[in-house]
Each structure stands twice: as C-alpha cells, then as structure tokens.
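Reading through the structure tokens given below for one structure.
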Amino acid sequence: MKAVYKNVILKGDLVMAKLAFKEPERADKMLYASKVTKELKEMTVNMGRSLVCLNLCEDEFFDKVRRGESPGTYPVVMARLCKCLKIDEKDCLEGIAYSELSQMVFSAIRLGAIDFVQGQKLMLELSYEDYEEFEPFNPVQDILSKLHENREPKVFMS
C-alpha cells in the first residue's frame, strides 16, 4: 500500500489532479493512459463519471465527459469539482490523497490483510507530499491487476 500510495497516487493521480485545475482534458487523457489494465481504467472512470452525473456544478470539462469526449478519471473530476466549488487546490489534493489512501486501507481491513489498528497507523504514517513530475510507476500493481482481471470469483474491482 505504501508503494501504491507514493508511486501511483502521489506521483500520478495527484500530479494530474493539480494539472486539471488548468488543463483538465490533457490531465484526463494522460491519467487514463497511465492506467495499464482494463480494470484500473474502468475503476477510475466509473468513479469519475459517477461524480459528473451528480451535476454538482457547471463545468465545460464535465460536459465533455458526459458527451464521451474525455474519459472522466476520478482525480481529474475531483479537481475540477473542487475548482468549481472554490476549494483551495492544496486542500483538494490533500483530500484526494486521503480519499484514495483510506479506500485502500479500508479494503485491506475488510479482506483481513490488516487490522484496524494497523490501518490507523498506516493512515497516520503516510501523508500528502507534493510532486511536480508525472511519473506513476508500480509494475507489481499492474501485474496483480492483470491477474485479477482473469480471476473468478472477484471480491473487489482492483
């Protein structure tokens, strides 16, 4: 989880969320392309499009997602939503980081991989760090995700 948090969330999702404040279409396409497996692509798009469908604000990028002109990845949609709601960029990025980390921790607890005390310690240990370069890299996650795509039964989407 530490590797995914640092190498995928901080160096990938959040760098593109930051870019999304200015160039959402570019950020969305780059982030979507960085998700190697079908499951990882579907997961981020399903979450992002669900947020767009809530119609919480008017945004040209959201219109493009609705028309299928942009994928609508979760971190990019969240960044645009924050911008629309006038939430500070740093607060937005920290919120996305917490959301994605807590989602991983809660899944690990439900699966019995860690207990809730270990989960809380992990949440306290990992904090938001600001990265400028987009360099998501976690080949182990990609391999496990690919194996999971072909596995039955599935407990969770990757």
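Candidates are the residues of segment 92-128 that are among the acidic types (Asp, Glu) and within 15 Å of the chain's Cα centre (by Cα); the one that is surrounded by the most Cβ atoms within 10 Å (Cβ to Cβ) is GLU100. Across segment 45-75, the qualifying residues are those that are buried (at least 17 other Cβ atoms within 10 Å of the Cβ) and of a type in the set (Ser, Thr, Tyr), and the one among them that is nearest to the chain's Cα centre (by Cα) is TYR74.
The set of residues in segment 29-76 being closer than 19 Å to ILE96 by Cβ, hydroxyl-bearing (Ser, Thr, Tyr) and modelled with pLDDT under 95 consists of SER34, THR44. The set of residues from segment 2-44 being part of a loop (DSSP other than H, G, I, E, B) and surrounded by fewer than 21 Cβ atoms within 10 Å (Cβ to Cβ) comprises PHE21, LYS22, GLU23, VAL36, THR37. The number of residues in segment 45-57 that are in a loop (DSSP other than H, G, I, E, B) and among the aliphatic types (A, V, I, L, M) comes to 2. Based on what the data block shows, is ASP130 farther than 20 Å from LEU40 by Cα and modelled with pLDDT of 95 or more? So ASP130 fails the test. If we keep just the residues of segment 81-91 that are among the basic types (Lys, Arg) and surrounded by 11 or more Cβ atoms within 10 Å (Cβ to Cβ), which is nearest to MET47 (Cα to Cα)? Ranking the candidates gives LYS83 first.
The values are calculated or read from the model by the stated rules, or taken from the named source; none is laboratory data. Source: prediction; values computed, not measured. A quick note on method: Cβ atoms are made from the backbone with ideal geometry, for glycine too, and the neighbour counts reach across all protein chains shown.
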